[in-house]
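Notes follow the structure.
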Amino acid sequence: MKFAKRIQSIKPSPTLAITMKANALRAQGRDIIGFGAGEPDFDTPENIKAAAVRAIADGFTKYTPVGGIDELKDAIAAKMEGDHGLNYNRSQIVVSCGAKHSLYNLIQVLCEEGDEVIVPAPYWVSYVDIVVLAGATPVIVPTEEAAGFKLTPELLRGAVTDRTRVLILNSPANPTGAAYRREELAALAAVLASREITVISDDIYEKILYDGFEFFSIAAVSEEMKDRTVIVNGVSKAYAMTGWRIGYAAGPAPIVAAVTKLQSQNTSNPASIAQKAAVEALTGSQEAVRTMVEAFRERRDLIVSALNEIPGLACPSPQGAFYVFPNVAEFFGRSFQGKIIADSTSLAAYLLDEADVAVVPGADFGADKHLRLSYATSRELIETGVARIAAALGRLG
Ligand code: PMP
Ligand code: GLU
C-alpha cells in the first residue's frame, strides 16, 4: 500500500514504543523493570476521580466548545495568574487532548515548508517529528553537558536565521531535568528581541522541581515576551493524569484561534469528563502534588547515588522532572558474547535483553552518549533495577 510522504518521514514515539515493548515482554512472562515510560506511577488523586464520576452522573457527557469549557479556561487563567502573575483571558487559552496535542497543533498552525524551528538538544523525543510533520525544518542545537544542558544566548544567536519561526523551550526538561533561571531566560529573550520568532514554552514539568528551585516562565520576562510566547502545559505529570488527555496552550489570541480552528476539524473538544476532572485538579487541594513531588525527590536522590556507584557511569542530579540522564559513553566499545556495544541504542537493547531493564537510548533525545531512566517508579524497583544494570554493565568485556 502507498502511504503519504508525511507519515513515512516520522518514526513512532520511542518512549511509547519502549513502554509497549516492556509490556509485551511482561505479557510473555519476563520480569521487566521499566525505567522507560515518563509517567507517574501514582494513581490520579481521589478528589479528581470523584469530579469525573460526578460529571458522568450529571450527564456532562456531550460535546463541549472545541477549545474547552469556560470553567476549565477560567481555572487555567487563575492558575497562570496565581503561579506566574500572567494574565490570560478565555480567547487566549485552548484546551487540547494532552500537551502533545497542543504542541502538534501549534506547530501545524505556525510552521510550513521553509520555516525553521530551533530545538535545543537533548530534546523530548516528539518535538522533532512534530516539526517534520508540518513540513518545517528542525534546527537542532546541541547544548553542553558541562553547562547543565542549557541553551545559551550564544548558541541561540548562532542558530537563528531569517527563516526561524519558532523556538521550543522546555524547563524543567525532559530528558535532562535541567531548569532555567529567570536571568537565563531573560538573556535568551534579549536575543529574540525585535525578531519575529514565537517561543513555545513547554512547562509540563513546572510543578516537579526540587531543592527550592523556583519555576520561571520566559513569558514572564516582559510584556513583549508574553506577546510572543505560547505556554504549553497540562495535567498529565503534576496530577498523575496521563490517561485523561488534557493539555492546554496559553498565548496570543490569533494563535489560539488558529489552533481552535484546527481542532474543530480533527478532534473537536477534549473529553468532557476529563475536562471536569482537570478543573478539580487545578482548583482543588494541591496536597497530592506536594506529596508526589516529595516522593520523586527521594527517588531522585536514591537513583542518582545508586547509579553513581557504578564504575564508569556519571549521573548528575537533575533539578526537575522525573528523569536521570547518565553519561554511559565509557561503556561504548565494550562487548558481550562477541557483540560490540557501539552506542546508546545497542546499550539499551543489551540492558533489555540481558538485565530485563527497560531504558530509553539517549540517541532518541539527540544525545547518544546517554541513557534516560524515568524514576517515576517505586524505590524497590529502582534499587533492584539499578543493581541489575550494574551487574550487566560489569559483564561487559
Ligand atoms: N512535553 C514533554 C516534555 C513531555 O515529556 C510530555 C510527556 N508526555 C509531553 C509534553 C506530553 O504530555 P501529555 O500529552 O501527556 O500532556
Ligand atoms: N513524555 C513521556 C516520556 O517522555 C511519555 C511518553 C511520551 O509521550 O513520549 O516518556
_Matching residues in the stretch 370-385 - criterion: being open to solvent by 10 Å² or more (accessible area, probe 1.4 Å) and of a type in the set (Ser, Thr, Tyr)_ = THR377, SER378, THR384
*Mind listing whichever residues of the stretch 5-46 are of a type in the set (Val, Ile, Thr) and open to solvent by less than 60 Å² (accessible area, probe 1.4 Å)?*
ILE10, THR15, ILE18, THR19, ILE32, ILE33, THR44
*Given the conditions (1) free of Cβ contacts under 8 Å to residues at least 60 places away in the same chain; (2) away from ligand 2 (no atom under 14 Å from the Cβ), and given that ALA238 satisfies all but one, which numbered condition is not satisfied?*
(2)
_Against the conditions (1) in contact with a strand residue (DSSP E or B) (Cβ under 9 Å, 6 or more places away or on another chain); (2) within 16 Å of ligand 1 (Cβ to nearest atom), where does ASP41 fall short? Just the number, please._
(1)
_Condition first: open to solvent by less than 20 Å² (accessible area, probe 1.4 Å) and over 30 Å from GLU380 (Cα atoms). Now tell me which residues in the stretch 47-63 satisfy that._
ALA51, ALA52, ALA55
*helices (runs of 4 or more DSSP H) (entirely within the stretch 1-110) containing at least 3 residues that are out of contact with any helix residue (DSSP H, G or I) (no Cβ under 6 Å at 6 or more places or on another chain) and free of Cβ contacts under 8 Å to residues at least 12 places away in the same chain*: 5-8, 14-27, 46-57
*Residue within the stretch 152-162 that is within 15 Å of ligand 1 (Cβ to nearest atom) and either within 14 Å of THR229 (Cβ to Cβ) or surrounded by fewer than 20 Cβ atoms within 10 Å (Cβ to Cβ) (or both) present*: no
_Subset of the stretch 226-273 that is surrounded by fewer than 20 Cβ atoms within 10 Å (Cβ to Cβ) and charged (D, E, K, R) - its residue that is farthest from ligand 1 (Cβ to nearest atom)_ = ASP227
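The values are calculated or read from the model by the stated rules, or taken from the named source; none is laboratory data. Not measured: the values here are computed from a predicted model. When we count neighbours, we look across all protein chains shown, and the Cβ atoms used for this are built from the backbone with ideal geometry, even at glycine. Areas reflect the complete protein model, heavy atoms only, side chains present, ligands, DNA and RNA absent. Shrake-Rupley method; radii C 1.70, N 1.55, O 1.52, S 1.80 Å.
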